[in-house]
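Taking it in order: structure first as structure tokens, then the write-up.
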Amino acid sequence: MRIGELARRAGVSPRSLRYYEQQGLIRARRCANGYREYDEADVRLVAEIRGLLAVGFTLEDTRPFVECLRSGHPSGGSCPESVAVYRRKLAEIDGDIRALLARRAEVAAQLADLCPGCLVTRRGES
């Protein structure tokens with residue numbers, strides 16, 4: 001399939017596909033006329049990349065998942081390298097949560113000092 005069809009089927013722009021190709025995440029074959037040609041497996045690779053990007057992974061983070069799929073695994077997350085990326089990302093998110101909770105506590109303390117009668121609640125609490 002040509003780049004326009006892959007873009008349509010994967011829900012991305014042709015520009016994104018060219019960028020993924022430039023980064024070595026997908027590989028196009030070239031026709032005699034120079035057009036890029038992709039196969040069905042590329043739809044799955046792009047879906048994997050997009051899904052990971054949507055939850056906060058970087059493009060570089062997606063590389064082990066793509067390689068896992070390319071090597072014939074049913075899931076991009078089933079290889080040890082992908083699991084390591086998942087673990088690293090979870091640790092990063094946990095660190096972000098701790099930092100945000102510390103910042104929240106500091107802001108709440110400043111508000112309490114300046115406005116002793118003000119009640120600070122967490123979102124969703126009464």
Worksheet, complete the sentence: Given unit charges at Cβ for Lys, Arg (+) and Asp, Glu (-), the dipole magnitude of the chain about its Cα centre in debye, nearest 20, is 400 debye
Worksheet item: How far, in degrees from 0 to 90, does helix 40-54 lean away from the longest principal axis of the Cα atoms of the chain, to the nearest 10?
Response: 10 degrees
Worksheet, complete the sentence: If unit charges are put on Cβ atoms (+1 for Lys and Arg, -1 for Asp and Glu) and the dipole of the chain is taken about its Cα centre, the option from V66, I49, C31 lying farthest towards the positive end turns out to be C31
Discussion item. Exposed loop sites here are trypsin sites (Lys or Arg not before Pro) in DSSP loop states with at most 11 other C-beta atoms within 10 Å. What is the longest stretch of the chain lacking them?
Written reply: 1-121
Practice prompt. Under a 10 Å cutoff between Cα atoms, tell me which one of L100, L45, L69 has the largest fluctuation in the Gaussian network model of the chain.
Written response: L100
Discussion item. Using only the alpha carbons of segment 3-114, what is the convex hull's orientation-averaged projected area in square nanometres?
Written reply: 9.3 nm²
Practice prompt. In debye, nearest 20, what is the charge dipole magnitude of segment 65-120 about its Cα centre with +1 on Lys and Arg Cβ and -1 on Asp and Glu Cβ, if you could check?
Written response: 120 debye
Worksheet item: Once the Cα atoms of helix 80-114 and of the chain are each reduced to a long axis, what angle between those two axes, in degrees from 0 to 90 to the nearest 10, is obtained?
Response: 30 degrees
Discussion item. Based only on other Cβ atoms within 10 Å, what is the fewest-to-most ordering of Y20, Y86, Y35?
Written reply: Y35, Y86, Y20
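Estimate the FRET efficiency between S13 and N33 by the formula 1/(1 + (r/R0)^6), using the beta-carbon distance for r and 25 Å for R0, to the nearest 0.05.
Values: r = 22 Å, r/R0 = 0.87.
Calculated value: 0.70.
Bear in mind these aren't lab numbers, they're just calculated from the coordinates by the rules spelled out. The structure presented is a predicted model; accordingly, all values stated were derived computationally and were not measured. Positions of Cβ are generated from backbone atoms using ideal geometry, with glycine treated the same way; all protein chains shown enter the neighbour counts.
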